[in-house]
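Visitor: Pasting a structure here, questions to come.
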2 protein chains.
Amino acid sequence: MDPVTHPRNPAGRPRDPDVDRRIAAAAVELFGRDGWASFSIEAVARRAGVGKASVYLRWKSKEALLAEALTMRLGPISDVDTGTVRGDLVQLVRQLLQQYVGEHGGAVIRLGLEARDIPELAERYDSLARQQILAARAIVHRGIDRGELPASTSVTFLLDALCGGAMNHALTTPPALRAALPETVDDYAERFVDFVLVGVLVDAPAEQ
Amino acid sequence: MDPVTHPRNPAGRPRDPDVDRRIAAAAVELFGRDGWASFSIEAVARRAGVGKASVYLRWKSKEALLAEALTMRLGPISDVDTGTVRGDLVQLVRQLLQQYVGEHGGAVIRLGLEARDIPELAERYDSLARQQILAARAIVHRGIDRGELPASTSVTFLLDALCGGAMNHALTTPPALRAALPETVDDYAERFVDFVLVGVLVDAPAEQ
């Protein structure tokens, strides 16, 4: 445990994990709603219903608070390896959609837009983003190695279409229909992947 | 001229259009960088190098200022009708990419994320977004009517892939490569549209 960012409180009692969770939830909510430019320890403390001192006791800066809160609340996109390229891509699109339409969707989309301007987050975000892009590219390369996709498949175009399509779907769904999005994620992921794969498979040996 | 939002100044002299432009430019820049939550007349005036009174003389609220500044600075996605569905879609993707990677890219992407939370912008943005979605759908429907695309083409999937792909391309290009993006927009648009269309055209009568 890092003694700078995680001191015990002055009375020597262990930290209350419930307070940690409330502060982290408030931080992710506020960041998702208003973004980094107006993010402050004071606003987070107010929303969490704790004193400012309780936050500073746990985190030395608003950068450190937001970075840890995001790690606590947002699960990573996990590696998938279902055995087929279609199965892997459906899983990838499903996970992206679940992030965008889920409780923390606002924070996820803002991270993509603002992380590079937030000192303590920029590097961590860049390495996370790089890791996710590599994992997605690995899905496509496994598909090529297994002969499911032609060797000429453009990995960049395929992932732009799939990952961008998921984001576009979440962003352009009108407010009135947004509440129903979480239930349609699985169906959309399967049908959208099939739509994009048809073109890639035109030249695939397995499809001829 | 609306007498509430565009009064002459107290001395009766006509407004200086150069000051209008500087204020509008500062407003779009600040919104693009920091977003709505921290947008203020004071910050805009400071950035434009004018007094707060000069801004209030022209716009009665920060909502009205941002709405007009965005209209002044951001061109709309114009309707395209090149005669072929491929030509139209390449133009659409090119225009989207130019917006995202251009001078006001930050403001454009923020608008999609935040417009619905900004009182005077929500309705205007929704109607603009609806109009752009209808124009994009019209491109695809014309292609179906001309027999260029099969009648079974999923308009939603096709536009999610193309419009989302353009956004993903702009957002995921690493900072070091971003300066070169504007020069590659045309090439990317042509090749990406062809990539996505191959799948749609598999069943097209014209392609068999």
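Visitor: Please report Rg over Rh for region A:54-177, where both radii come from the alpha carbon positions and Rh follows the Kirkwood definition. Please report the intermediate quantities before stating the final value.
Guide: Numbers: Rg = 16.8 Å, Rh = 16.2 Å.
Ratio value, two decimals: 1.04.
Visitor: Same structure again: Counting other Cβ atoms within 10 Å, keep those with at most 15, restrict to DSSP loop, and tell me which trypsin sites (Lys or Arg not before Pro) in region A:23-86 are left.
Guide: On the way: sites: A:Arg33, A:Arg46, A:Arg47, A:Lys52, A:Arg58, A:Lys60, A:Lys62, A:Arg73, A:Arg86; in loops: A:Lys60.
Loop-located and lightly packed - A:Lys60.
Visitor: Could you give the DSSP H helices of chain A that reach 18 angstrom or more along their long axis (alpha carbon positions) and whose average Kyte-Doolittle hydropathy is no lower than 0.5? Don't skip to the answer; put the middle values down first.
Guide: Values: long enough: A:17-34 (25 Å, -0.16); A:85-101 (24 Å, 0.22); A:119-145 (39 Å, -0.30); A:155-172 (25 Å, 1.09); A:181-201 (29 Å, 0.66).
Flagged H segments are A:155-172, A:181-201.
Visitor: Can you give the Rg/Rh ratio of region B:17-73, where Rg is from the C-alpha atoms and Rh is the Kirkwood radius? It would help to have the intermediate numbers written out before the result.
Guide: Details: Rg = 9.6 Å, Rh = 10.7 Å.
So for region B:17-73, dividing Rg by the Kirkwood Rh gives 0.90.
Visitor: Do the sum for chain B: with -39,500 (n - 2.57) for every DSSP H run of n ≥ 4, divided by all residues, what is the mean residue ellipticity at 222 nm, to the nearest 500 deg cm²/dmol?
Guide: -22000 deg cm²/dmol
Visitor: Quick one: label points 7 angstrom along Cα→Cβ at B:Ser154, distances to the other copies in nm, smallest first?
Guide: The answer, with the shortest distance listed first, is 2.1 nm.
Visitor: Whole Å is fine, so just give me how far the alpha carbon centre of region A:148-175 lies from that of region A:77-105.
Guide: If you average the Cα positions of each part, the centres end up 12 Å apart.
Visitor: Return, for the Cα atoms of chain B, the radius of gyration and Dmax in Å, separated by a comma.
Guide: In Å, with Rg to one decimal and Dmax whole: 20.5, 73.
Visitor: What lysines could a cross-link reach from A:Lys60, if we take a straight Cα to Cα line under 21 Å and drop same-chain neighbours fewer than 8 places away?
Guide: Partners found: A:Lys52.
Values quoted throughout were computed directly from the atomic coordinates according to the rules given, and no laboratory measurement underlies them. These numbers come from a predicted model, not from an experiment. Every residue, glycine among them, receives a Cβ derived from its backbone with ideal geometry; neighbour counts consider all protein chains shown.
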